[in-house]
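**Q** Below: one structure in structure tokens.
Throughout, read-outs are computed from the coordinates displayed, never taken from laboratory work. All values derive from a computational prediction rather than experimental measurement. With ideal geometry, Cβ positions are generated from the backbone for all residues, glycine too; neighbour counts draw on all protein chains shown.
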Amino acid sequence: MEEPEEPEEPEEPEEPEKSEEPMEERPAAEAGAVIVTRALTKRYRGGQLAVDGLDLTVPAGSVFGFLGPNGSGKTTTIRMLMGLIEPTSGSARVLGHPVPRGARAVLPRVGALIEGPALYGFLTGRDNLLRYDAADPTADPRTRRTRVADALERVGLAAAAGRKAKAYSLGMKQRLGLAAALLQPRALLVLDEPTNGLDPQGMREIRSLIRELASDGTTVFLSSHLLDEIEQVCTHVAVMARGRLLTQGPVAELAAGTRGRLVVTTPDTADAARVLKEQGAGDIAVADGDRVDAEPPDRDLAEVSAALVRAGVRVRGFAVERASLEDAFVALTGEGFDVAG
Ligand SMILES: Nc1ncnc2c1ncn2[C@@H]1O[C@H](COP(=O)(O)OP(=O)(O)O)[C@@H](O)[C@H]1O
Ligand SMILES: [Mg+2]
């Protein structure tokens, strides 16, 4: 029996796009994606290539870390995603709409904090938010005061809400910017270095706030030059260096794709190091007087441990430590994660 033909998918109601690539050639992963870029490129006037052919896919519901040293192109990418600057070439879609063309439809559903929020120093923190909210035509004026109070509470600024913003520390200004992004429920939060200028306690608070927002179902896209910050809070990561994407994917997969370190705890470090070398381990390092770690050799680790015992090495501990994101980064770039820009 013949199946009746499926009706055609209805066109997007607004901002229909003249697609550069036919729909059916788009990978399935893009269907649930909140941000998709294709060969996104920005060359600043003066010739500086800040973002170079970026293909990014940010899944819905992820906490997506956009990681890279200073100058690697994170803020430039975010400014293109928010329709603040035009790409030189390539394309980007946010919440299903092309940007910058469809930015007007997208931006009310996105909370953004980009590089030092613009604040009026002569206004209090609270008045800054009231004013910011009043400028948003989609915001309900009847709930404005409550929403502003809630946002201030959420970022820990309730007590300082009546002080002028010019008296705020850098960290407090950063929180006020974050509060502005939280005035309405959002499908997507885009946070450019949200913990910049915060002390360790403030950083912890922002991290737990991000986790909380993500558990409410908000997709969070945050940039950072701090590797362990990304590792602590993100489900996914994209790694940038010099305007180019090195890798992207779930944090756990990236770290798992990198081999962990073999760690032997023993008072006989010199003998242990020699035996590990004979067993084919690489990159052997002795630390803390009783710890030898190495790249695990390509053989059964039971044999390695037996060889240590045979050689009279007193083994207190023998383990393969899980690779960190930093190990993955080093494996990827052949260099450490250098934050100096
Ligand atoms: N407005 C601009 N004009 C020219 N070059 C710029 C401008 N903004 C940034 N750049 C350059 O583009 C590169 C990427 O910068 P940026 O996107 O700010 O990186 P990140 O946010 O990762 O630190 C850097 O080399 C930077 O100097
Ligand atoms: Mg930046």
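**Q** Once the Cβ-Cβ distance between ALA167 and THR143 is put in as r, and R0 is 30 Å, what FRET efficiency do you end up with, to the nearest 0.05?
**A** 0.60
**Q** Additional query: Stretch THR88-GLU115 to full length: gain in nm at 0.36 nm per residue minus the Cα-Cα span?
**A** 7.6 nm
**Q** Listed highest first by mean packing, meaning other Cβ atoms within 10 Å per residue, what order do 207-216, 294-303, 83-92 come in?
**A** 83-92, 207-216, 294-303
**Q** Enumerate by residue number the chymotrypsin sites (Phe, Trp or Tyr not before Pro) in the range 88-184 meeting two conditions: DSSP loop (anything except H, G, I, E, B), and at most 12 other Cβ atoms within 10 Å of the site's Cβ.
**A** Filter output for the range 88-184: PHE122.
**Q** A follow-up question, please. Arrange the peptides 218-225, 184-191, 243-250, 280-287 so that the one whose residues have, on average, the most other Cβ atoms within 10 Å appears first. Kindly include the intermediate steps, with their values, before the conclusion.
**A** Values: 218-225: 23.9, 184-191: 19.5, 243-250: 17.2, 280-287: 13.5.
Sorting 218-225, 184-191, 243-250, 280-287 by mean packing, highest first, produces 218-225, 184-191, 243-250, 280-287.
**Q** Another one. Which of VAL94, VAL304, VAL239 moves the most in a Gaussian network model of the chain with Cα springs under 10 Å?
**A** So, out of VAL94, VAL304, VAL239, the one fluctuating most is VAL304.
**Q** Separation between the ALA187 and ALA307 pseudo-spin-labels, each 7 Å from Cα along Cα→Cβ, expressed in nm?
**A** Label-label distance for ALA187 and ALA307, simple model: 5.7 nm.
**Q** Between the helical axis of 144-154 and the dominant principal axis of the chain, each derived from Cα atoms, what acute angle in degrees is found, rounded to the nearest 10?
**A** Value to nearest ten degrees: 10.
**Q** Taking just the alpha-carbon atoms of the range 30-248, what radius of gyration and Dmax come out, in angstrom?
**A** Values for the range 30-248 (Cα only, Rg and Dmax): 16.8, 48 Å.
**Q** If I fit a long axis through the Cα atoms of helix 170-181 and take the longest principal axis of the Cα atoms of the chain, what angle between them do I get, 0 to 90°, rounded to 10?
**A** Roughly 60 degrees between the two axes.
**Q** If a/c stays under 1.5 just call it rounded; otherwise compare a/b with b/c (prolate if a/b is bigger, oblate if not). Do that for the range 261-333, with a ≥ b ≥ c from the square roots of the Cα gyration tensor eigenvalues.
**A** Prolate, because a/c is 1.5 or more and a/b exceeds b/c.
**Q** Still on this structure: Using a cut-off of under 19 Å, list every residue of the range 301-320 whose amide N is near the label point 7 Å from the Cα of ASP271 along the Cα-to-beta-carbon line.
**A** Inside the label zone: 303-319.
**Q** Any chance you could run the full-extension gain for ALA285 through ASP136? It's 0.36 nm times the residue separation minus the Cα-Cα distance, nm to one decimal.
**A** 47.9 nm
**Q** Moving on to the next point. Specify the angular offset, from 0 to 90 degrees and rounded to the nearest 10, of the alpha carbon long axis of helix 200-215 from the longest principal axis of the alpha carbons in the chain.
**A** For 200-215 against the chain, the angle is about 70 degrees.
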